[in-house]
Amino acid sequence: MLIGPTVTSATGASQRWDFAVKMDGDEIGYHRFELIEEGTQRRLVSEARFDVRFLFVNALKYRHRATEVWSDGCLREIETSTQANSKKLAVSGATIDERLIINAGSEKNEFSDCIMTFAYWNPAFLRQPKLLNAQSGEYLDVEVEALGREPIIVRGTDVEASVYRLTAKKLELTLWYSQDDEWLALESVAKGGRIIRYELT
């Protein structure tokens, strides 16, 4: 099973995924995820940092931090902060009286049903018709298409992977999962047709 290392902490077992982020084949940063078991809940902590330079000028500066609390496969709490160049975003949410209340700037939404974010680490998210964008707070219609299987290289090893295409609003992603449903890679098309790819390290 190709997953992030499993360790035991004071709160329980955890899994980590460390991805190198590349743009058109050049490494521009990282995105790290840690999933921590806390009794009946699971806490996901993630951090991303990208920098793209063009002619000695920093053309893209991206910083993202997120904490999500999950129970019974449903999002219960969320706290995120994002900076994309000069644009800053923040999303927070908590469950009160069985309703998840999401605050994203001037917008507030309430959900009584079980909802999920773009939880790449949990392939169950691929079966959802709508997903919460943890960066913006938008609740988006999504479409997922299974593309079959293909071999990819993960940490220098050939792996047979299941491939999916996910589309939502202006977002289009390709995702790869192992035979054990572990997340292996991600690819998206950025502005200008440039390819951003996540690769496990």
Accessible area of region 83-178 divided out per residue, in Å², using a probe of 1.4 angstrom: 58
Proximal lysines relative to residue 191, as straight alpha-carbon distance under 24 Å, when same-chain residues fewer than 8 apart are discounted: 22, 61, 87, 88, 130, 169, 170
Relative contact order (%) - region 137-187, alpha-carbon pairs under 8 angstrom, separation at least six: 28
Of all accessible heavy-atom area on the chain, the percent that carbon and sulfur account for (1.4 Å): 47
Gained length - residue 179 relative to residue 32, 0.36 nm times residue gap less alpha-carbon distance: 50.7 nm
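The values are calculated or read from the model by the stated rules, or taken from the named source; none is laboratory data. Because the structure is a prediction, the values reported are computed rather than measured. Accessible surface is based on the protein model in full, side chains and every heavy atom, while ligands, DNA and RNA are left aside. Shrake-Rupley method; radii C 1.70, N 1.55, O 1.52, S 1.80 Å.
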